[in-house]
Amino acid sequence: MGETIAVNRKARHDFKVEDTLEAGIALTGTEIKSVRKGDVNLQDAFARIEHGEAWLIGMHVAPWAGGNRYNHEPRRERKLLLHRTQIDQLLGKTQTKGMTLVPLSLYLNDKGKAKIQLGVARGKQGHDRRRDIAARDARRDMEREIADATRGR
């Protein structure tokens, strides 16, 4: 993985990620310039498989400042570049009730190509989120107690 451009922090809060996958994205010239600049938001984005193709929906890529009238549409659907077997596997996993494809992060690989990390995820219920928060708080308290004990307080 190369330079991270955007991270969907809300995804791991709202979903339980069961599997991850790397995919390329078909971008236009002004889009990749905005991506390299970091003007991307994955907050409300999700992926869908339609007619044997994978699509990323809802990702906001700000219009490039140097673009002219041929600048891109900020929230257009973008095609994900995956192999046929990967698309078939994702389709099988998302057919299961409650499973969805969520973008976790967008980054540039070592060759400068834009890649997105997709997560096959299940939505969390309210009680699942509360349990995760309680476990995180308990772990922090325990680490704090251990740190205090080692410092001799």
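Values in this text are rule-based calculations from the coordinates and carry no lab data. In this text, all values refer to a predicted model and were calculated from it rather than measured experimentally. FYI the Cβ positions are ideal-geometry reconstructions off the backbone, even for glycines, and counts take in every protein chain you see.
Within the range 34-46, how many residues are more than 15 Å from Lys10 (Cβ to Cβ), crowded, with 18+ Cβ neighbours inside 10 Å and either under 15 Å from the mean Cα position of the chain (by Cα) or not polar (S, T, N, Q) (or both)? Reasoning before the result, please.
Taking the range 34-46 and keeping what is more than 15 Å from Lys10 (Cβ to Cβ), we get 34-39.
Filter once more, keeping what is crowded, with 18+ Cβ neighbours inside 10 Å: 34-35, 39.
Remaining after also requiring either under 15 Å from the mean Cα position of the chain (by Cα) or not polar (S, T, N, Q) (or both): 35, 39.
Looking only at that region, the number is 2.
How many residues are within 20 Å of the chain's Cα centre (by Cα), polar (S, T, N, Q) and closer than 23 Å to Ala6 by Cβ if we restrict to the range 47-96?
The qualifying residues number 2.
How many of the residues making up the range 19-32 are surrounded by fewer than 19 Cβ atoms within 10 Å (Cβ to Cβ), of a type outside the set (Val, Ile, Thr) and not in a strand (DSSP E or B)?
Counting residues in the range 19-32 that are surrounded by fewer than 19 Cβ atoms within 10 Å (Cβ to Cβ), of a type outside the set (Val, Ile, Thr) and not in a strand (DSSP E or B) gives 3.
With respect to Ala65, determine if the residue is surrounded by fewer than 17 Cβ atoms within 10 Å (Cβ to Cβ), of a type outside the set (Val, Ile, Thr) and under 22 Å from Ile32 (Cβ atoms). Please lay out each step first, then the result.
Values: surrounded by fewer than 17 Cβ atoms within 10 Å (Cβ to Cβ): yes; of a type outside the set (Val, Ile, Thr): yes; under 22 Å from Ile32 (Cβ atoms): yes.
For Ala65, the condition - surrounded by fewer than 17 Cβ atoms within 10 Å (Cβ to Cβ), of a type outside the set (Val, Ile, Thr) and under 22 Å from Ile32 (Cβ atoms) - is met.
If you take the residues in the range 68-80 that are surrounded by fewer than 16 Cβ atoms within 10 Å (Cβ to Cβ) and touching a residue at least 24 places away in the same chain (Cβ under 8 Å), which one is nearest to Ser34 (Cα to Cα)?
Applying the first criterion (surrounded by fewer than 16 Cβ atoms within 10 Å (Cβ to Cβ)) to the range 68-80 yields 68-70, 73-77, 79.
This time we only want the ones that are touching a residue at least 24 places away in the same chain (Cβ under 8 Å), so: 70, 79.
Details: Tyr70: 14, Lys79: 17 Å.
For the range 68-80, the residue satisfying everything is Tyr70.
Restricting to the range 1-44, name every residue that is basic (Lys, Arg) and free of Cβ contacts under 8 Å to residues at least 60 places away in the same chain.
Residues of the range 1-44 basic (Lys, Arg): 9-10, 12, 16, 33, 36-37.
Matches in the range 1-44: Arg9, Lys10, Lys33, Lys37.
Take the residues in the range 113-133 that are in contact (Cβ under 8 Å) with a residue 60 or more places away in the chain and part of a loop (DSSP other than H, G, I, E, B); name whichever of them is surrounded by the fewest Cβ atoms within 10 Å (Cβ to Cβ).
Of everything passing the filter in the range 113-133, Lys113 is surrounded by the fewest Cβ atoms within 10 Å (Cβ to Cβ).
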